[in-house]
Amino acid sequence: MTLTLKCLGAVGACLLAAAQPAAASAVFTIQEVGADVVASWSGSLDTTTLTFSGSGTGTVGGMNPGTGTLVAQVGDFDSYVAPDWVSFGTGSLIFANSIEGVNFGMLDGADVSSVNELQIATGYVPGTSFSGSMTFLGATLAGLGLVAGSYVNTLENLETITVTILPSSNAAVPLPAAAPLLIGGVGALAFASRRRRSA
């Protein structure tokens, strides 16, 4: 009886843990699309657990890989206290040619206001989805000083904003390390099969 109750208790604890909402997060994905570089973002955040620092308005988008700034302002936005953003390359400040979607950004204080900020559209309802994109015409990842990889930023409420830079489509595709072994193995099987047939 006690073993059954312990098992039921363990199962109940697992189900309760699984029913908890996952931590919200947002993702910036930067990639070459044709002759351009496109930075797109999506996600949801719980801004009620962040420290509000002010409001503003703007109509500018851009990035500074060296400081970790990625910002798209298309109207009114609210700012929240932010950590030191993780740099995602060696480039300097460059402005986007076009912006679509919801205000969202990570602004390093070195670029504008001396205070690190998370910016999101004024009126954003915490926990709801948001998305958008900005385009840098005639640009390449290398030309913007971007380094392929994933860079995770953690907010004060432990939610994350990940910047993912996809490798250039012009880069050489590396041969997987196991490919020569696989080819050798298939060749050995073919040789052994042929040898059996001739015997």
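The values are calculated or read from the model by the stated rules, or taken from the named source; none is laboratory data. In this text, all values refer to a predicted model and were calculated from it rather than measured experimentally. For neighbour counting, all protein chains shown are included, and Cβ atoms are generated from backbone atoms with ideal geometry for every residue, glycine included.
For region 108-123, the tally of residues that are polar (S, T, N, Q), crowded, with 17+ Cβ neighbours inside 10 Å and either more than 16 Å from residue 41 (Cβ to Cβ) or touching a Lys or Arg at 6+ places or on another chain (Cβ under 9 Å) (or both) stands at 1. Here is the figure for region 142-155: residues that are buried (at least 18 other Cβ atoms within 10 Å of the Cβ) and under 14 Å from residue 29 (Cβ atoms) total 2.
When residues of region 93-107 are filtered for being assigned to a loop (DSSP other than H, G, I, E, B) and either crowded, with 19+ Cβ neighbours inside 10 Å or among the aliphatic types (A, V, I, L, M) (or both), how many remain? The qualifying residues number 4.
Applying the condition of being in contact (Cβ under 8 Å) with a residue 24 or more places away in the chain and surrounded by fewer than 17 Cβ atoms within 10 Å (Cβ to Cβ) to region 124-141 and asking which residue is nearest to residue 166 (Cα to Cα) yields 140. The residues of region 47-92 that are touching a residue at least 60 places away in the same chain (Cβ under 8 Å), surrounded by 15 or more Cβ atoms within 10 Å (Cβ to Cβ), part of a loop (DSSP other than H, G, I, E, B) and within 17 Å of the chain's Cα centre (by Cα), listed by number, are 65, 66, 68, 82, 85, 86, 87, 88.
Confirm whether residue 78 is in contact with a helix residue (DSSP H, G or I) (Cβ under 9 Å, 6 or more places away or on another chain) and modelled with pLDDT of 95 or more.
yes
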